[in-house]
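Working notes, beginning with the structure itself.
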Amino acid sequence: MGLNSLNSLNALNSTVRKHSLLNTLSWLWPYWKEMPYRLVFLIIATPMMVGFGVWTPQFIKNLFDAMQAQSLTREVLNQNVTLLLGIGLLHFALHSLIQNLRGWTNCYFEHSFRVRLSHVMLRLGLGFFQRFRTGDITTRLVDDISEKKLGWFACSGIFRLYEAFLIIGGCLYCMLQLHVGLTLLTALPMLAVALFYVRSSRQAQTYSQQSQTAISELNAYLTSTLDGIRVVKAYGQEQRASKAFAHVVENQYSKDMALARIKSLLELSYSRFAEIGILVVFLAGGWLVIQGQLKLGSLIAFNNYIFMLLWPLVDVGQFFIKGRQASVSVERVRELENYPPEITQANTPLPWPDSSLELSLNQVSFAYPHHQILNDISFKAQAGEIIALAGAIGSGKSLLLDLIPRMLEPAQGEIKLNGKALQAYDLEQLRSQIGFVSQTPNLFSASIRENILFGRKGISDHELQAAIQVAQIEQDLPLFSEGLETLIGQRGVKLSGGQKQRIAIARALVHKPHILILDDCTSALDAETEARFWEALRQFVPGMLVLLVTHRVATLQQADQIILLKNGRVAAQGNHQQLSQNSLYQQLYLQPSEPAA
């Protein structure tokens, strides 16, 4: 084994040691506090159910003891059979109620975990989604929290252990009343099983961690490959993608098989140890009956108790296995929950200003680890202006736009709105006043109407139609079979690039924002359509501040001010006429023979 493999294994084992049952239970406790009556009911009803079950063999014992003593009468028979039937029905009814309640609670917890985690993730900044891959997040939201793992353990796992201990305690008490020596002899295999499970379950936890990591890798690969399936097909890379997928699946299969082997070994060991206990009862108990030291009814009751102990012993073992798996899942979920928030809300946020907007950037800088992106960016923008960001690819234009709706925060410098720091305003209100269209339009598998409205309430049909007209999508609606109600498929797969961009623009405009951010979103529009769009936009919201990234000269000519970036710094600023003499601007946007407009 290589040094890297040893280091990875040591790191994994170190992580596994941090997972503890106490941490898992402390994470679950806030969810249980929301359902105190259900918790109290399960705590009280479970011993009652166990009591009915443990009491049952006593009636069988009485019948066989009476038969052995030749004192069995119809009255004794009727009395014991009636009690046995009545208690059996009570046990069945209570057991069914508790099982249904546990199952419902498992599903409720699974739903609550996902809702809580989704709320946490939606509040996190872009840095979180740059660190965690989509497939990994999906695995933690779906597989780790599933009813078979953390969802099951949260209720059924805990209360089945509680039930198991009550059954084991009740059976051992009754067995001690029957014969102390035979009970002690039978309990020895149980003690051996408990010690074996405690030691072996740690190995199951290690395999569980490896299995969950492999599932995350599989989902991440599937997400990236299916999202880029057009590129895969265009370059004829189906065979390479198939081989890579087979490798990832093989890795996940091997980890799952390793976990399945250790779980099968533990479950098999339990049944073997239980069979040893039964064998001991028949051999030792039968010899005691022959010697007259134990009644036949007691031996039969003793045997019933041994069989009654089989499933509780399995439940104890399952608790250790599932508990270790749940600990792994909780740590994976906590890793998402504990991710530090990049964007925070002010304690007493300012309301959105009523006066005309003025946006100013003062020596704003931004850097990723070991990589500076923006350096000392400063400029001002007024309501009603169109501000264009220009520059070569990689100069920081799109990242600068992300700072305005506070998707990212500046590392240095300050962004102000009407003289107040952007962080001082209410975050939700700030973003509600901004229309944002990204470089690659993100559409959802829903109707065109739903994609434009995007869940926002209070938007009239007139406002919807106005946004559609400005975005120049109106002439395309007759091409769709059901107009605005047409389902566009995953990521807008049924639409052209220009149609996607125009629907995204309509989504940004429909609530008439005060600030509109367009990140090179007209690249797929023809010149005539784009010209109509700009003409309609100026009339749509006359006082709207527009910040845009574009590489089209015709669009740059529309701008009141152009901020020319180079290597993350402001190289020059002015309108198209003023910058036409700038060598960098000429190199990027003007042909040598092209005169300035």
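The values are calculated or read from the model by the stated rules, or taken from the named source; none is laboratory data. If you're wondering where the values come from, they're calculated on a predicted model, not measured in any experiment. Cβ atoms come from the backbone with ideal geometry, glycine included; neighbour counts cover every protein chain shown.
When you go through Lys380, Lys397 one by one, which is the residue that is basic (Lys, Arg) and either free of Cβ contacts under 8 Å to residues at least 24 places away in the same chain or over 18 Å from Val570 (Cβ atoms) (or both)?
Going through Lys380, Lys397 in turn, the sole match is Lys380.
Please give the number of the condition Gln70 fails out of (1) in contact (Cβ under 8 Å) with a residue 12 or more places away in the chain; (2) surrounded by fewer than 16 Cβ atoms within 10 Å (Cβ to Cβ); (3) not in a helix (DSSP H, G or I).
(1)
Which ones in region 301-332 are modelled with pLDDT under 85 and of a type in the set (Val, Ile, Thr)?
Across region 301-332, the qualifying residues are Ile306, Val314, Val316, Ile321, Val328.
Of these, Glu463, Glu485, which one is under 24 Å from His514 (Cβ atoms), surrounded by fewer than 21 Cβ atoms within 10 Å (Cβ to Cβ) and at pLDDT 85 or above?
Glu463
Listed here are the residues, each with its yes/no results for (1) farther than 30 Å from Leu401 by Cβ; (2) among the charged types (D, E, K, R); (3) touching a Phe, Trp or Tyr at 6+ places or on another chain (Cβ under 7 Å); (4) assigned to a loop (DSSP other than H, G, I, E, B).
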{"position": "Ser298", "(1), (2), (3), (4)": "yes, no, no, no"}
{"position": "Asn303", "(1), (2), (3), (4)": "yes, no, no, no"}
{"position": "Phe319", "(1), (2), (3), (4)": "yes, no, no, no"}
{"position": "Tyr339", "(1), (2), (3), (4)": "no, no, yes, yes"}
{"position": "Glu342", "(1), (2), (3), (4)": "no, yes, no, yes"}
{"position": "Pro353", "(1), (2), (3), (4)": "no, no, no, yes"}
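Answer yes if at least one residue in region 581-595 is within 39 Å of the chain's Cα centre (by Cα) and aliphatic (A, V, I, L, M), and no otherwise.
No, that holds for no residue.
Restricting attention to region 520-547, which residues are touching a helix residue (DSSP H, G or I) at 6+ places or on another chain (Cβ under 7 Å), aliphatic (A, V, I, L, M) and surrounded by 16 or more Cβ atoms within 10 Å (Cβ to Cβ)?
Ala524, Leu525, Leu537, Leu547
Given region 153-239, what helices (runs of 4 or more DSSP H) lie entirely inside it while holding 3 or more residues that are in the same structural domain as Val142 (by TED's automatic domain parsing) and modelled with pLDDT under 70?
180-227, 229-234
Restricted to region 17-60, and to residues that are among the small types (Gly, Ala, Ser) and part of a helix (DSSP H, G or I), which residue is farthest from Ala164 (Cα to Cα)?
Here the answer is Ser26.
Report yes if Lys512 is assigned to a helix (DSSP H, G or I) and either among the aliphatic types (A, V, I, L, M) or assigned by TED's automatic domain parsing to the domain that holds Gln429 (or both), otherwise no.
No: the conditions fail for Lys512.
Name the residue, out of His119, His95, that is more than 25 Å from the chain's Cα centre (by Cα) and in the same structural domain as Val330 (by TED's automatic domain parsing).
Answer to the check: His95.
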